1. Kindly provide the set of residues from the stretch 545-575 that are more than 21 Å from L437 (Cβ to Cβ) and in contact with a Leu (Cβ under 8 Å, 6 or more places away or on another chain), ordered by number.
2. Out of (1) part of a helix (DSSP H, G or I); (2) open to solvent by 30 Å² or more (accessible area, probe 1.4 Å); (3) in contact (Cβ under 8 Å) with a residue 24 or more places away in the chain; (4) out of contact with any Leu (no Cβ under 7 Å at 6 or more places or on another chain), the odd one out for A212 is which?
3. May I ask you to say which residue of G177, G198, G237, G191 is of a type outside the set (D, E), assigned to a loop (DSSP other than H, G, I, E, B) and surrounded by fewer than 21 Cβ atoms within 10 Å (Cβ to Cβ)?
4. So the check is Cβ under 9 Å with 6+ separation or different chains; which pairs have a first residue in the stretch 564-588 that's open to solvent by 70 Å² or more (accessible area, probe 1.4 Å) and a second one that's in a loop (DSSP other than H, G, I, E, B) and among the hydroxyl-bearing types (S, T, Y)?
5. Considering the stretch 388-409 alone, what residues qualify as being out of contact with any strand residue (DSSP E or B) (no Cβ under 9 Å at 6 or more places or on another chain) and open to solvent by 20 Å² or more (accessible area, probe 1.4 Å)?
6. Being surrounded by fewer than 23 Cβ atoms within 10 Å (Cβ to Cβ) and in a loop (DSSP other than H, G, I, E, B) is the filter here; which residues of the stretch 333-352 pass it?
7. Quick check on the stretch 353-369: of everything there that is under 17 Å from T321 (Cα atoms) and modelled with pLDDT under 95, which residue is surrounded by the fewest Cβ atoms within 10 Å (Cβ to Cβ)?
Amino acid sequence: MGAYLAHLAEDGRKQTVLEHLHGTAALAKEFARPFGEEGQAELAGLAHDLGKYTAGFQRRLAGGPKVDHATAGAFFCFHNRQPFAAFAAMGHHGGLPDGGGKGDGPDTGTFWGRINRAVQGRLEPCEAWRAELFLPSPPLPARCSAPLEGMFFTRMLYSCLVDADYLDTEAFMEGRGREPSETTVEQLWEGLRQYISGWYPPKGELNQRRCAILDQCIREGKERAPGLFTLTVPTGGGKTVASLAFALAHAKRHGLCRVIYVIPYTSIIEQTAQTFRDILGPENVLEHHSSMLYDLEEEARPENLRLAKATENWDAPVVVTTAVQFFESLYASRPSQCRKLHNIAGSVVIFDEAQMLPIPYLRPCVHAISQLVAHYHVTAVLCTATQPALESVFREFLPGMPAAELCPPELGEGAVFRRVAFRKAGLLSWGQLAEELNGRNQALCVVNTRKSARALYEQLAQEGRFHLSTLMTSAHRRAVLEEIRHRLKEGLPCRVVSTSLIEAGVDVDFPAVWREEAGLDSILQAAGRCNREGRRPVEESLVTVFRSEAKIPPLFATAVGAGRAVLERAEDPAAPEAVHAYFRELLDLKGKEAQDIHHILDTIRQDFLPFRTVSERFHLIESPTRTVYIPLGEGRSLTEQLRAGERNRNLFRALGQYGVSVYPEHFASLERAGDLEVLEDGSAILWNTALYSTETGLSLEADSGKGLFI
């Protein structure tokens, strides 16, 4: 037959398999350049669609049945002792499979099963490729002699392939090539320089110290070689801009291509991304998380369309994303998640609030950071006011490269950054606590559970009382926070009881804060909401640590124990040595096994490239919750679209602002009482809207009785 075809466009244009393979290989080769494996990426690009050189696939283009076109290229690569390219080719549509074992049957979905399918001659012959295509035999990467390194490399190679495959196909189908950002790191640096130019000469001791920290970060960015760093800046020290300044100065000096900010919570992401847009321009900042929507209507601005596409592969100068998105992608197996990974290589990655790396996944997370630094030309910065004690874990995975601190301790010391005094109150009943809070015009109390937040809120004086918890929708919490900020600014009564969500970088400034016993990092985060602007005397800005009448949730017990031990010994809980002692005690109490609860790393060491198994186990957010959508405000029209059968990513992202996550017992209680409308796809809409309070959100009680909940 004539030329074998890979794609047919709607307007009748044809792309041959040879054109597609060469186009994909060229892009994949470009994507692998930052980590020096162009040869491996070129092979994967050339081999991935060899199975399209068959009559069966040509019939598929004309509407025929699906065919396995990925195994042929994988079989060729594996037969030629190129296992990494083989895995990438095999998974380029359906995802990276588990390796399995040599005895796997040909109908299993493992790598070995599909290789055995080819060995048994159960694939349609595709030898026609040999007449027009030469496949290279690049050397295998020396870094991949051990399973952990080999699996990580395979996923990075896979990323190069799937992104190149998507982009080449998209360019053909749309009749135009990709449009990457034209902004250079030099231009971003100039934008930052203009933004901070008005800060000099600094006025007042606090601004002088902030500028000294900023200058230090810029200097370190220019002088340091790529590697692993910590940036320990006290609350109020300007670490957001200082860390960006280091990243841009460093990227400019070493030819790195982008800056990636990894942040625990969307509330911090929204604030940080807006700051960066103000500094660098909105067209240069990709904000990527589940709640972010980009306008894709026909009249949408070109930069919006480009940023929307960049969510797929992070092809943007500055990316601000969640820790969940970042780390789960690094342990994923699906092409949609892995596509972006190659764009992490050759970047500066800032881990903001680094103390919040989840302990149950700490070792896999540190291993991933270490791989990026050791082999993928990444500079990583652990950025926080409360630096976790991770030296021993990094020493294991990144030997010979200890983290270097960017900010000398003396720049963060002294009275200028001391904003609060601590008070230990011991045991307080809800009544005693409410009495103390009601005695203040403005006060914040942070408790450990949603149930406790509701119990305390009900005992506060009604004027100026506010409640914040995840029983409220994101849109509701945002509106309440706006009112809280207004009342704080105007000096109006404002007493707030909240779960720990308010500690996650939420910009509020109270004259006094109460914090239920928790980990020391949580206590210090709560303290960051007290006298935040430093306008009140330290001795009058009290952070009261108390024990409540509620039982300590098992999830928090170890952190509470470690925090209590350090608080009993430390004169100043905020001192770096106290923070370090807390994290050391916490890690010791948890033990090594608790830092990888699903045995991710051991599974990789023991099994043959278990991609699918690992991706199923690695989920930073594990709580088995169900989402209930609230049909109030804009949520009403969105839930109507859901009822009408509409299902798309943009709808669910918008609905995310009007959803409440509940535990299974609570969900079942609401469902039994007839308070929910559960649709065919499992989506749940609150039928009885009387259960949603404009003050406290979703009730813990169904109409027929209480739902079990903590």
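The values are calculated or read from the model by the stated rules, or taken from the named source; none is laboratory data. From a predicted model like this one, the values you see are computed outputs, not experimental measurements. Neighbour counts are summed over all protein chains in view; Cβ atoms, including those assigned to glycine, are modelled from backbone coordinates with ideal geometry. Accessible surface areas use protein heavy atoms only, side chains included; no ligands, DNA or RNA. Shrake-Rupley method; radii C 1.70, N 1.55, O 1.52, S 1.80 Å.
1. T558, A559, G561, A562, G563, V566, L567, P573, A574
2. Just one mismatch for A212, condition (4).
3. Of the residues listed, the single one that is of a type outside the set (D, E), assigned to a loop (DSSP other than H, G, I, E, B) and surrounded by fewer than 21 Cβ atoms within 10 Å (Cβ to Cβ) is G177.
4. Between residues of the stretch 564-588 that are open to solvent by 70 Å² or more (accessible area, probe 1.4 Å) and residues that are in a loop (DSSP other than H, G, I, E, B) and among the hydroxyl-bearing types (S, T, Y), the close pairs are P576/T386.
5. E391, S392, R395, E396, F397, P399, G400, P408
6. Hits for the stretch 333-352 are S333, R334, G346.
7. Let us first name the residues in the stretch 353-369 that are under 17 Å from T321 (Cα atoms), namely 353-358, 365, 368-369.
Still in the running and modelled with pLDDT under 95: 353-358.
On the way: E353: 23, A354: 23, Q355: 24, M356: 21, L357: 23, P358: 17.
So the residue we want is P358.
Matching residues to (1) of a type in the set (A, V, I, L, M); (2) open to solvent by 10 Å² or more (accessible area, probe 1.4 Å); (3) within 20 Å of R419 (Cα to Cα):
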position: H467; (1), (2), (3): no, no, no
position: M472; (1), (2), (3): yes, no, no
position: E483; (1), (2), (3): no, yes, no
position: V513; (1), (2), (3): yes, no, yes
